[in-house]
Amino acid sequence: PGTVAIAVHAGHVEHVYMNGVSQLSTEHFPGLTNQVGKMFSGNTPFSLDFYYINATAQHQFRYGSANPITLDTGFKEDHNKSFRLHYRGEYFLRVKHYQFFYQWILGSLMGGEFVYWDSIASRIETTINEKVKTFIKEYYIENHLDMNSVEGAGEACSENVMSKLKPLCEEQFGLELQNFNTILVVNPEDREAHNKERDEAQKMELRGSVSQAGFERSLALEQMDVMKEAAKNPGAVGQGMGIGMGFGLGGAIFNASKQMGQQTMQQPQQPQS
């Protein structure tokens, strides 16, 4: 149960036998009967190769990121700053297109040989890992993610990657991708460095705000002290205001006198009689 037998003649899959008992006869192969029968006086001696494939079992494959993805942090205040994103997960495959699968891997087998999933994995894992890396990077950019939100997008990212990876597996390997999941992890060193820089920037900004606020408070206190002293001596307030006004008026009179003097000096002197 769960196994199919594919009958191959001259490199072509002639028939696929499912579960159950089948009686082989030339009726299954009308094309071969006509061609070969002419050569053997109506008899049809021909050979068939049978390959048995487990068609229902899924095989689990794991993948990981030996080389992480380098991405922009996604924060407006960060200019040309990047971080490393690690990814890992698993996916399941099963054989779907028998003709393609035969041409891709079974055609090179000798009689009695077996093909194990491990040998298939060695042929596809490099391609799968590279494609997954590309698709994750595209998802990050297209959805405007940032360093803080990317780890929480693993499920949605998995669905997106699977939709792109599924047709690729069928077209290139004849295999059906039945499940795919990924875990995204920001490099701890990059996260720590970014948080440290952000904390320092916030501290500098806070120091600037505190310094400005302290200066304004100090100035306000000085003004209040002056007002308190003035309130203790009402006469001083009048004198102070008078002095201020006197200085102002004195300056104006001085300037006016100066101008008049200059004008007098510029006038021609009248001859004395």
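The values are calculated or read from the model by the stated rules, or taken from the named source; none is laboratory data. Source: prediction; values computed, not measured. As a convention, Cβ positions derive from the backbone with ideal geometry for all residues, glycine included, and neighbour counts pool all protein chains shown. For the accessible areas, the whole protein counts, side chains as well, though only heavy atoms, and no ligand, DNA or RNA atoms are used. Shrake-Rupley method; radii C 1.70, N 1.55, O 1.52, S 1.80 Å.
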Karplus 3J(HN,Hα) series, Hz, for region 154-165 with 6.51 cos²θ - 1.76 cosθ + 1.60 (x for Gly, Pro) | x, 5, 5, 5, 4, 5, 5, 5, 4, 4, 8, 7
Count charges around residue 160 for me, please; just the other residues with Cβ under 11 Å from its Cβ, Lys/Arg as +1, Asp/Glu as -1.
-> -3
Local charge sum around residue 8 (other residues, Cβ-Cβ under 11 Å, Lys/Arg +1, Asp/Glu -1)?
-> -2
Probe 1.4 Å, accessible area per residue of region 122-164, Å² | 55
Please report Rg over Rh for region 64-166, where both radii come from the alpha carbon positions and Rh follows the Kirkwood definition.
-> 1.12
Measure up 81/166; 96/131; 133/196; 76/131; 96/164 against 25 Å on the Cα-Cα distance and list the ones that go over.
-> 81/166; 133/196; 76/131
